[in-house]
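Trainee: I am attaching a structure below and will ask some questions about it afterwards.
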Amino acid sequence: MSGSAVLQSKIALAEGGGGASAPNHIAIIMDGNGRWAARRGLPRFEGHRRGVEAVRRTVKASMELGVRYLTIYSFSTENWSRPAAEIAELMGLLRRYIRNDLADLHARNVRVRIIGEKTGVLEDIQRLLVEAETVTRSNTGLTLVIAFNYGARQELVTAMRKAAAEVAEGRLDPANIDAATVERFLLTDGIPEPDLLIRTSGEQRLSNFLLWQLAYAEFVFLPVLWPDFEKANLQEAIGIFRGRNRRFGGVGSPT
């Protein structure tokens, strides 16, 4: 697909999803678990546990509001620098979430996609992630994309290596490399770009999340800490999104 065709496709999607309907794809940086716990004199683990409950609420709310794709930033490649005890707690929460919620997600016709590096991930967690994708592969409702052990810079490096390998093998002409070619090598291949990025806790940065995919997304930063995130907060962010004029580098409608 040419660059102009890709742009026209994005504009069409924006026009179709910018009215009364919800954004087609929402990405969320779930921030503030530790601060939520600290303000209440609780251990950080309790903040993470309450954060999982917020994930459940958000998945349910997204389905009710007609969102087709929901991507959550659950664990970054940089998160391995956290204390070993906290990492162990986070891995335990992930295990419980998949074991306890997978059947319910499947029953609700949710498809699970996992994006991220598999290197360094414990084998039992790898098996659970594969199971979640396999069991829900044929579902046609909300697609829940879980970014686990994910880093956008590493994703781009890996994509360039794959492209270089195809060039070396003679299967790809460097002169034909365009945006669509790059997207084919990304972990999000087959997933539409996010229309809306939400980050909670008031922080205003991407933290190495979907650097390529968020090029034309609308950013909404909310002061609410992630464990307190409710359907009303999601609706607030969608309301802000609807008020934006998405031009994709072009000229907006005259006022």
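Trainee: State the number of residues belonging to the stretch 31-49 that are in a helix (DSSP H, G or I) and open to solvent by less than 30 Å² (accessible area, probe 1.4 Å).
Mentor: 6
Trainee: Can you name every residue in the stretch 173-199 that is farther than 28 Å from Q126 by Cα, among the small types (G, A, S) and open to solvent by 40 Å² or more (accessible area, probe 1.4 Å)?
Mentor: Selection gives A175, A179.
Trainee: So which pairs qualify, if the first residue must be in the stretch 145-172 and at negative phi and open to solvent by 40 Å² or more (accessible area, probe 1.4 Å), the second must be at pLDDT below 95 and assigned to a helix (DSSP H, G or I), the Cβ gap must be under 8 Å, and the two must be at least 6 apart or on different chains?
Mentor: Q154/T77
Trainee: Looking at (1) out of contact with any strand residue (DSSP E or B) (no Cβ under 6 Å at 6 or more places or on another chain); (2) within 25 Å of V59 (Cβ to Cβ); (3) open to solvent by 50 Å² or more (accessible area, probe 1.4 Å); (4) part of a loop (DSSP other than H, G, I, E, B), which is the only condition G202 fails?
Mentor: For G202, the failing item is (3).
Trainee: Still on this model: For the condition over 24 Å from G141 (Cβ atoms) and either touching a His at 6+ places or on another chain (Cβ under 8 Å) or modelled with pLDDT of 95 or more (or both), what is the one hit in R57, R82, R68, R39?
Mentor: The conditions single out R39.
Trainee: Being in a helix (DSSP H, G or I), touching a strand residue (DSSP E or B) at 6+ places or on another chain (Cβ under 9 Å) and within 24 Å of R35 (Cα to Cα) is true for just one of V130, V59. Which residue is that?
Mentor: V59
Trainee: Okay, moving on. Do you know which residues across the stretch 135-144 are free of Cβ contacts under 8 Å to residues at least 60 places away in the same chain and either within 16 Å of D189 (Cα to Cα) or exposed (fewer than 15 other Cβ atoms within 10 Å of the Cβ) (or both)?
Mentor: Matches in the stretch 135-144: R137, S138, T140.
Trainee: Is it the case that I87 is open to solvent by less than 30 Å² (accessible area, probe 1.4 Å) and either part of a strand (DSSP E or B) or hydrophobic (A, V, I, L, M, F, W, C) (or both)?
Mentor: In short, yes.
Trainee: Filtering the stretch 214-254 down to residues that are part of a helix (DSSP H, G or I) and open to solvent by 70 Å² or more (accessible area, probe 1.4 Å), which residue is modelled with the lowest pLDDT?
Mentor: Step one: list which residues in the stretch 214-254 are part of a helix (DSSP H, G or I), which gives 226-228, 231-242.
Among the residues that remain, those that are also open to solvent by 70 Å² or more (accessible area, probe 1.4 Å) are: 231, 235-236, 242.
Working: K231: 98, Q235: 98, E236: 98, R242: 95.
Here the residue is R242.
Trainee: Which pairs have Cβ atoms under 8 Å, sit 6 or more apart or on different chains, and link a residue in the stretch 213-238 that is under 14 Å from I26 (Cβ atoms) to one that is outside any loop (DSSP other than H, G, I, E, B) and of a type in the set (D, E)?
Mentor: L222/E236; K231/E64
Trainee: So, one more: For the structure I just gave you, tell me whether V52 is surrounded by 15 or more Cβ atoms within 10 Å (Cβ to Cβ), within 28 Å of P192 (Cβ to Cβ) and under 18 Å from the mean Cα position of the chain (by Cα).
Mentor: Considered against the rule, which asks whether it is surrounded by 15 or more Cβ atoms within 10 Å (Cβ to Cβ), within 28 Å of P192 (Cβ to Cβ) and under 18 Å from the mean Cα position of the chain (by Cα), V52 comes out as yes.
Trainee: Please count how many residues of the stretch 91-111 are open to solvent by 30 Å² or more (accessible area, probe 1.4 Å), part of a helix (DSSP H, G or I) and touching a strand residue (DSSP E or B) at 6+ places or on another chain (Cβ under 9 Å).
Mentor: 1
The values are calculated or read from the model by the stated rules, or taken from the named source; none is laboratory data. Computed from a prediction, not measured in an experiment: that's the story for all the values here. Note that each Cβ is placed from the backbone with ideal geometry, even for glycine, and that neighbours are counted across all protein chains shown. Areas reflect the complete protein model, heavy atoms only, side chains present, ligands, DNA and RNA absent. Shrake-Rupley method; radii C 1.70, N 1.55, O 1.52, S 1.80 Å.
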